[in-house]
Amino acid sequence: MLSDLLFRLRALFRRSSMEAELDSELRFHFEHEVAKYIGSGLSPEEARRRARLAFGSFDQVHEDCREARGVNLLETIFQDIRYALRILRRTPVITAVAIFSLALGIGANTAIFTLIDAVLLRSLPLRDPQQLVQLRIHNRVAGEHDTVFTNPLWEQVRGRQDIFSGAVAWSDSQFDLAKGGAVQNVNGVFASGDYFNVLGVQPVLGRSLTPADDQRGCPGVAMLSYGFWQEHFGGDPSVIGGTLSLDKHNFEIIGVARPGAFMAPALASPRSQGFSAVSHYFLQP
Amino acid sequence: MPPEKLDLPQGTLDLLILKTLALEPQHGWAISERVQQVSKDVLQIQQGSLYPALHRLERRDWIKARWGASENNRRAKYYELTRAGRKQLEREESAWRKLAAAVAQVLKTA
């Protein structure tokens, strides 16, 4: 199959040399034929006449050989393409409009698919994302569903629920990294102690948050997202055990989450030191 | 009175060419001469079908061509069997023998 294609292509691109070869081959044949007739006693003129008669049309042989080499199909395709290009060039405005609308259509489709893919098709990069549910409070007075819980409410939910395998709370926030001077805000979340265990996000370095890091009055600890670690610490492994200043409180850095983990904000910090009062809840059955 | 000439049945031209080339590499004219001689002038290959057939066989990788000097020292294109061509010849030969024997059998008895 491949050798067949190579043969065809060679036949196509070395066309003139192949035609010349065929020509000299046919002439060779023709002259032998003439010599044979002369040998049998015919005059040279008569011999040539007979040979030409026997030979038929040179052009027809050429044509049949092209056919046999499989050039014709390829040649016809190339001719069609050239013809199409000529026509397109003759009507530049229509061509431009056609290309533009094609480009627009393809671009729009790609953009929409990218969005659909991210929102609908791809699931959260967590363990068993299909089992996650979000808990809401129904506010009868306002007639609204609320995902914001107060801390005492969260503690009740966490301590008393027995239908899910785990419960986590988190709240996105902004932290000021600067120890003084200009404010340097980064996005981050407060997360409950079980956050990483329940969602199945492994650390690549150090350890994850544990419930022990999420007690009233315990020292605050921080976990870095992979991207934040790379960006602010150049991926230095010795950051573990160091401190990070968030809103002018010192937090010990305990670990780095794996890349791509569902942790869009840069930091996670347990609720302590009088931080979080409100949280969202994810529960996992 | 020359013997009656027969038209070649479909597909036998390839077989004849392959068989002729199995002995030694030859150029186109020698192939047609040899077939004519061996068949005592019953079979004649027309140039118009010989050269397209050679190109077709070359494309199928059953024969390959190279330029060489002919007996009277002229440049001629010589064809020779490839390994695949030899296999193909065996296949076609046995198929032809079976076919010929079967046709003969039917003609004898039916």
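The values are calculated or read from the model by the stated rules, or taken from the named source; none is laboratory data. Computed from a predicted structure; not experimentally measured. Cβ coordinates were reconstructed from backbone atoms using ideal geometry, including for glycine residues, and neighbour counts include every protein chain displayed.
Observations
- Restricting A:Leu224, A:Leu177 to those that are free of Cβ contacts under 8 Å to residues at least 60 places away in the same chain and either among the hydroxyl-bearing types (Ser, Thr, Tyr) or within 18 Å of A:His249 (Cα to Cα) (or both) reduces the list to A:Leu224.
- Applying the criterion of at least 3 residues that are touching a helix residue (DSSP H, G or I) at 6+ places or on another chain (Cβ under 6 Å) to the helices (runs of 4 or more DSSP H) found wholly in the range A:19-121 leaves A:44-55, A:58-69, A:71-90.
- Among the candidates A:Pro265, A:Pro259, A:Pro211, A:Pro219, the residue that is of a type outside the set (Phe, Trp, Tyr), within 17 Å of A:Val168 (Cα to Cα) and modelled with pLDDT under 80 is uniquely A:Pro265.
- If you go through the range A:9-31 and keep only what is within 11 Å of chain B (Cβ to nearest Cβ) and loosely packed, with under 13 Cβ neighbours inside 10 Å, you end up with just A:Arg27.
- Residue, surrounded by the most Cβ atoms within 10 Å (Cβ to Cβ), within the range A:177-214, restricted to residues that are among the aliphatic types (A, V, I, L, M) and part of a helix (DSSP H, G or I): A:Leu199
- Count of the range A:143-176 residues, restricted to those that are over 40 Å from the mean Cα position of the chain (by Cα) and either outside any helix (DSSP H, G or I) or basic (Lys, Arg) (or both), is 5.
- Test: residue in the range A:143-152 that is of a type outside the set (D, E, K, R) and within 21 Å of A:Gly200 (Cβ to Cβ): no
- Tallying residues that are assigned to a helix (DSSP H, G or I) and at pLDDT below 85 within the range B:32-48 yields 2.
- Considering residues of the range B:5-52 that are of a type in the set (Ser, Thr, Tyr) and more than 14 Å from chain A (Cβ to nearest Cβ) only, the residue farthest from B:Tyr79 (Cα to Cα): B:Ser39
- Residue in the range A:77-94 that is within 14 Å of chain B (Cβ to nearest Cβ), within 29 Å of B:Lys64 (Cα to Cα) and either touching a Gly at 6+ places or on another chain (Cβ under 6 Å) or not small (Gly, Ala, Ser) (or both) present: no
- Odd one out for B:Ala84 among (1) surrounded by fewer than 20 Cβ atoms within 10 Å (Cβ to Cβ); (2) in a helix (DSSP H, G or I); (3) away from chain A (no Cβ under 13 Å): (3)
- Residue check for B:Glu58: farther than 29 Å from A:Leu9 by Cα, surrounded by fewer than 20 Cβ atoms within 10 Å (Cβ to Cβ) and within 9 Å of chain A (Cβ to nearest Cβ): no
- Residue count for the range A:233-251, restricted to those that are over 20 Å from A:Asp172 (Cα atoms) and not charged (D, E, K, R): 10
- When restricted to residues that are more than 7 Å from chain B (Cβ to nearest Cβ) and under 14 Å from A:Arg10 (Cα atoms), the range A:52-72 contains 3.
- Count - residues of the range A:215-229 that are more than 38 Å from the chain's Cα centre (by Cα) and surrounded by 24 or more Cβ atoms within 10 Å (Cβ to Cβ): 0
- Qualifying position, being loosely packed, with under 14 Cβ neighbours inside 10 Å, of a type outside the set (Phe, Trp, Tyr) and modelled with pLDDT of 90 or more, among A:Gly39, A:Gly105: A:Gly105
- Residue among A:Val97, A:Val34 that alone is within 14 Å of chain B (Cβ to nearest Cβ) and of a type in the set (Val, Ile, Thr): A:Val34
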